[in-house]
Amino acid sequence: MDILASEKEQIIDKAFIFASEKHKNQFRKGTKIPYIVHLYEVYNFLREENADLDTIVAGILHDTIEDTDATYQEINDLFGSNVANMVNSESEDKKLPYRERKALHMNHLKNCDENIKLINCADKLSNLRSIYLDIKYFSDSIFNRFNGSKEDIKFYYSLALDALESLKERNIYKSLKIYFNLVFGN
């Protein structure tokens, strides 16, 4: 049975309300831009790729387990196990050193299904676009905002491009590659 458009809108609204509440005191790194702006951009990238409803909802929620007090069980109860599993797949162990946790996460991503890869690609595209625009406006000094150096971040996004290569024919991946080259000069 197909879900009506109005039901899809209600589910998406519910996800944005949940994410807004969970991320309410968070901002984009080194800025006063509310974090929800990033989630809205991820949402739009996923819609452009014609992602299914669960993937879109998981994209909106992709950082809630990793960066807020939200739990897997809470997401499962509100949005179902498929969404909860996708969000959980996007979560890293922040106790590990930067390069180690990034490499582990990208290695895990290589074996994930296309929907999880789409979420990750949308997340990375949003982040790289923001970095690119900030470099144009503020200079390379924006890399001081991050937990890793510019070289660490380049390493991470190189791993991401490799892990997401199965999406290489999709516009979202092509855009990610363009922004990678703009940011890191390749």
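The values are calculated or read from the model by the stated rules, or taken from the named source; none is laboratory data. The shown structure was predicted, so the numbers you read here are calculated from the model rather than taken from an experiment. As a convention, Cβ positions derive from the backbone with ideal geometry for all residues, glycine included, and neighbour counts pool all protein chains shown. These area figures cover heavy atoms from the full protein model, side chains too; ligands, DNA and RNA do not enter into them. Shrake-Rupley method; radii C 1.70, N 1.55, O 1.52, S 1.80 Å.
Would you mind telling me which residue in T55, T31, T64 has the biggest mean-square fluctuation in a Gaussian network model of the chain, where springs connect alpha carbons within a distance under 10 angstrom?
T31
Using the beta-carbon distance between L4 and S81 and R0 = 35 Å, what value does 1/(1 + (r/R0)^6) give for FRET efficiency, to the nearest 0.05?
Computed FRET efficiency for L4 and S81: 0.95.
Please calculate how many Å² of accessible area the chain carries per residue, with a 1.4 Å probe and no DNA, RNA or ligand atoms counted.
On a per-residue basis, the chain sits at 53 Å².
Projecting each Cα onto the charge dipole of segment 1-101 (Lys/Arg +1, Asp/Glu -1 at the beta carbon, about the Cα centre), which of L96, A5, L53 comes out farthest on the positive side?
L96
In nm, what is the difference between 0.36 nm times the number of residues separating D13 and A103 and their Cα-Cα distance?
Using 0.36 nm per residue and subtracting the Cα-Cα distance, I get 29.1 nm.
Over 30 Å between Cα atoms: which of K8/K136; K94/K168; K22/K110; K22/K124; K102/K168; K110/K150 fall into that group?
Flagged as over cut-off: K8/K136.
Angle check, please: helix 5-22 long axis (alpha carbons) against the longest principal axis of the chain (alpha carbons), in degrees 0 to 90, nearest 10.
So the inclination is approximately 50 degrees.
Given +1 on the Cβ of Lys and Arg, -1 on the Cβ of Asp and Glu, and no further charges, what dipole in debye does the chain carry about its Cα centre, rounded to the nearest 20? Write down the numbers at each step before the final one.
On the way: 25 positive and 30 negative charges, 195 e Å.
That gives a dipole near 940 debye.
If I compute solvent accessible area with a 1.4 Å probe over the protein chains, what percent of it on segment 1-145 is carbon and sulfur? Write down the numbers at each step before the final one.
Working: 3810 of 7720 Å².
Accessible surface attributable to carbon and sulfur in segment 1-145 totals 49 percent.
Out of the chymotrypsin sites (Phe, Trp or Tyr not before Pro) in segment 92-156, which ones are loop residues according to DSSP with at most 16 other C-beta atoms within 10 Å?
F146
Of L133, L159, L176, which has the most accessible area and how do the rest follow, probe 1.4 Å?
Sorted descending by solvent-accessible area, the residues read L133, L159, L176.
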